[in-house]
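Report on one structure; see the data block that follows.
The values are calculated or read from the model by the stated rules, or taken from the named source; none is laboratory data. Small disclaimer: the values here were computed from a predicted structure and weren't measured. Counting neighbours? That spans all protein chains shown, and the Cβs are built from the backbone with ideal geometry, glycine included.
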Amino acid sequence: MPDEKKLCLSGQGLTKVFGRGGQKTVAVDHVDFNFYESEVVSIVGESGSGKTTLAKMLLGLINSTEGDVYFQGKKRDIRSQKKKQEYWKNIQAIFQDPYSSYNIFNKIDAVLLDCIRMRGGGKLPQAKKVELMTQACSFVNLKFDELTNKYPFELSGGQMQRLMIARIFLLKPKILLADEPTSMIDACSRATILDMLMHLRNETGMTIIFITHDIGLAYYVSDSVYIMEHGKIVESGSADSVILYPSQAYTRRLINDVPKIHEAWDLSTV
Amino acid sequence: MSKVILEVKELTTKYITRFKEDVYAVDHVSLKVEEGKSLGIAGESGCGKSTLALSLMGYYFAPLHYMSGEIIISGRNISGMNPDDVRKSVLGTEIAYIPQAAMNALNPTQKIIHFIEDVIKAHELYITKKDIYDRARKLFETLGLPAEVLQKYPVELSGGMKQRTVIATSVLLLPKVLIADEPSSALDVTSQKMVIKMLRRAMENGLIDSMIFITHELPLLKNVTDDIMVMYAGQIVEKGTAEETVFDPLHPYAKGLMGSIIVPEKGLRNAKLTSIPGVPPNLKNPPPGCRFAERCKFVRPECTTNSVGLRDVGGGRTYRCIIPEKELRESYAREMEKNAR
């Protein structure tokens, strides 16, 4: 399996510098990465380590100062809005805050219809559209008939995040970028959301990039893990090797700071 | 037997919605917290954890209404008191409450010391600025916070530091019970650890007598509190020591909750996370029988009709299920066997 992995998204020397002159902040500092097809990758780091900036660059929401992103082996070209939209058919995102992920003036049908249109299904008959939407909703254990004519804010956080996954189900992108998808919802719904994402990966073979500070979650879901500190990737490798046998002091600290079940939690280190 | 600080008997509170519907968010909850002990409350969102915290303070504002039950803090019954009296004589001195986003309480245009001044002056009218400063500095030293923070503006502090500052302020008047409602869920792991360390310090130094810690992070609860109470749909479904509840849960819901724990420990990747299907019942008209019945794997026909009381297993352990302990354990063992195959 490892030798036939196809490269999906990779980057070389990716850098983002905010500000200029004396007030430069290097948010992402010459980062190299290789994400393979249908792989689950986690980028782990504390707040301020540049995870989200990296995510935004991957999505093409901000330009990189230096370095390139390669999509399926070719250099990514998103210089025009049209090309950007073309690129976004292949990469989609779930953000941390489900409450601010939706247009509050659009009803849920509109949200899902938009996805169908984006996949080129705008001219499908109404019945087919409803069928697609129902299918997407049932994939995430939501009932479409209960959701029609509702606004996103009428749902709970967990439901909204699941609706976000329903969107991804309809869009079927090559890459899904999940930026802290479960940090605002409770532990119980978290298992559900993760299950759904894994199921989606198995069904469509998409690459999932998790951006998270929860190292336990990274360990549970991912095939490979990248640890970021101050804009640099300090450690990377398969989940087992990074989490169980960390080589960097930073990684060890991150793992130590998480409360565990079977091991005692050492409070003296802070 | 040590002194009981907080005792709650059959507390019931409800929300009245704008359509005049009653939502019983806290339904006959009884609990007891002893001196020097901490109680953890776990449960998924919307199960009534935070409402319970608000209800415990006796500080009721529409749409939350007090219905029945007693809240006794060191022998004093505060249930049904006028909110104004509660604010003057209970909050801060008897019960302190840290909401989830406590750090937002800080006024961005004022220094931290002003914030502390406000708190002290509300309770002690004739106190000099110097006394306030000394008291604040002493408190910060006890809790391991740098005293320079007092002269800073909130924008100069990190999120974790702001949170710790507010928590420190909340224990300033030496409350008997500290209710911490997800005090660390918006912070990263290192700041979370600092917050927990500070809370523990406050407890050890006698700034607070007991603590109620609310969170949905079970690994955190296991490491912080002595006892854990699991709530579901406004009711307590399981109560026991932290060890017992995490490693050997009895109620099917608690069992499911413990199956959703994610920690970076060896063997986690092989374990399958159990997610509980379905959603909690609507509390506007809760089901007559067990509230967990429709999501329960071990549901029996009588579950949906008979109301279920708490079953005492001894040793302070209770759970709310009609199935006896022995049968439950057998079902869990069978379930595990099935999963292993």
Could you say which residue among B:Leu139, B:Leu150, B:Leu145, B:Leu174 is at positive phi and either at pLDDT 90 or above or of a type in the set (Phe, Trp, Tyr) (or both)? B:Leu174
Can you tell me how many residues in segment A:246-270 are basic (Lys, Arg) and either over 25 Å from B:Asp248 (Cα atoms) or more than 7 Å from chain B (Cβ to nearest Cβ) (or both)? 2
Of the residues that sit in segment A:195-220 and are facing chain B (nearest Cβ under 10 Å) and touching a helix residue (DSSP H, G or I) at 6+ places or on another chain (Cβ under 6 Å), which one is farthest from A:Gly50 (Cα to Cα)? A:Met196
Quick one: what pairs do we get from segment B:90-104, first residue farther than 9 Å from B:Val177 by Cα, second in a loop (DSSP other than H, G, I, E, B) and hydroxyl-bearing (Ser, Thr, Tyr), C-beta under 7 Å, 6+ apart or different chains? B:Leu91/B:Tyr59; B:Gln100/B:Ser185
I need a count of the residues in segment B:250-286 that are more than 7 Å from chain A (Cβ to nearest Cβ), in a loop (DSSP other than H, G, I, E, B) and modelled with pLDDT of 80 or more. 10
Starting from segment B:55-81, keep only residues that are part of a strand (DSSP E or B), then list their pairs with residues that are among the aromatic types (Phe, Trp, Tyr) whose Cβ atoms are within a distance under 6 Å, requiring at least 6 positions of separation or different chains. B:Leu64/B:Tyr15; B:Tyr66/B:Tyr60
Of a type in the set (A, V, I, L, M, F, W, C), in a helix (DSSP H, G or I) and under 24 Å from B:Ser184 (Cα atoms), is that true of B:Ile116? yes
Within segment B:49-62, does at least one residue satisfy the condition of being touching a His at 6+ places or on another chain (Cβ under 8 Å) and either hydroxyl-bearing (Ser, Thr, Tyr) or modelled with pLDDT of 90 or more (or both)? no
Taking segment B:313-341 on its own, how many of its residues are more than 25 Å from B:Gly289 (Cα to Cα), assigned to a helix (DSSP H, G or I) and among the basic types (Lys, Arg)? 2
So which residues in segment A:54-76 are among the polar types (S, T, N, Q) and either touching a residue at least 60 places away in the same chain (Cβ under 8 Å) or closer than 16 Å to A:Ile208 by Cα (or both)? A:Gln72
Taking segment B:91-108 and the residues there that are small (Gly, Ala, Ser) and not in a helix (DSSP H, G or I), the one that is surrounded by the fewest Cβ atoms within 10 Å (Cβ to Cβ) would be B:Ala101
What are the pairs with Cβ atoms under 8 angstrom where one residue, in segment A:22-37, is closer than 30 Å to A:Asn202 by Cβ and the other, located anywhere, is among the basic types (Lys, Arg)? Sequence gap at least six, or different chains. A:Val31/A:Lys232; A:Tyr36/A:Lys5; A:Tyr36/A:Lys6; A:Glu37/A:Lys5; A:Glu37/A:Lys6; A:Glu37/A:Lys174
